[in-house]
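First comes the structure, then the notes that go with it.
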Amino acid sequence: MKSIYSIKTRIMTALICTIILYAIFVIGSITPVDINTAQDMIKEFRDLVAGINSAFDIFLNNFTISLLMAIPAIGAIIGGWIVYNTGLIISSFASLEGISVALLLILPIITIYGVLEFIGYGAMMSEGILLIYAIRRKGLRAELKILPIIILISAGILGLAAVIEFSLLEFAQSISI
């Protein structure tokens, strides 16, 4: 399948999107949240997490988010909003539990699943951006042939991240953290 974009262009675009998403996540995590809002956000988060019973549940949530990020034009806005709000949850946890924001930001990175999630998201967001340019350059048909491959790659990355994340959650619960 011939694309109008080189592999180098795809990787660089995905990398830039990944970095931008992580920066938005960090901005959200250092945004002060008032105590009432923080408590509400943590309650909603705990309710969401209570429904997670498998790595597949985590994958399904993250994959759905990544598909939204691939929507041309609005996907980048949706993705930015989602990761900003996830950062606000980090800020809420930090303020309510007295945990360092830096620690909460670094844990998903050193345990690898966070890096994989952001790469999966960045790949899908970049695809939404590349689709916009493909439409403008009259290369949409070629790009739509590549789209399923990008979706599968992102799904694989997000699937691996979900397995790691769920394993870590199970481990943490087994030692009563």
Dipole of the chain (Lys/Arg Cβ +1, Asp/Glu Cβ -1, origin at the Cα centre): which of Ile89, Ile151, Ser66 lies farthest to the positive side? Ile151
Check each of the GluC sites (Glu not before Pro) in segment 54-151 and keep only those in coil by DSSP with at most 12 other C-beta atoms within 10 angstrom; list them in order. none
Dipole magnitude (debye, nearest 20) for the chain, charges at Cβ of Lys, Arg, Asp, Glu: 1160
Please give the FRET efficiency for Thr31 paired with Ser174, using the beta carbon to beta carbon distance and R0 = 35 Å, rounded to the nearest 0.05. 0.60
Which helices of the chain meet both criteria: a Cα extent of 15 Å or more along the helical axis and a mean Kyte-Doolittle score no lower than 0.5, with helices taken as whole DSSP H segments? 7-29, 55-69, 74-97, 113-136, 140-174
Straight-line reach check, Lys2, cutoff 16 Å on alpha carbons, 8 or more apart in-chain or any other chain, hits among lysines -> Lys138, Lys145
Computed curve, segment 32-144, Cα-only Debye sum without solvent term, log₁₀ I(q)/I(0) at 0.12 Å⁻¹, is -0.53
For the chain, built as a Gaussian network whose Cα springs stay under 10 Å, the top-fluctuating residue of Ile135, Ile153, Ile27: Ile135
Between Leu105, Ile164, Leu131, whose Cα lies farthest towards the positive end of the dipole of segment 7-170 when Lys and Arg beta carbons carry +1 and Asp and Glu beta carbons carry -1, centred on the Cα centre? Leu131
In segment 88-170, trypsin sites (Lys or Arg not before Pro) in a DSSP loop with at most 14 other beta-carbon atoms within 10 Å: Arg137, Lys138
At a Cα cut-off below 20 Å, give the aspartates and glutamates reachable from Lys8, other chains included and same-chain residues fewer than 8 away excluded. Glu127, Glu143
Considering only C-alpha atoms, what is the centroid distance from segment 6-43 to segment 137-177, in Å? 17
When the chain is fully extended, how far beyond the present Cα-Cα distance does Ala50 get from Ser100, taking 0.36 nm per residue of separation? 15.6 nm
Counting only helical runs of four or more DSSP H residues, what would the 222 nm mean residue ellipticity of the chain come to if each run contributes -39,500 (n - 2.57) and the total is spread over all its residues? -29000 deg cm²/dmol
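Just so you know, all these numbers are worked out from the coordinates, no wet-lab data involved. Just so it is clear, the structure is predicted and the values come from calculations on it, not from any experiment. All Cβ positions, even for glycine, are placed from backbone atoms using ideal geometry, and neighbour counts span all protein chains on display.
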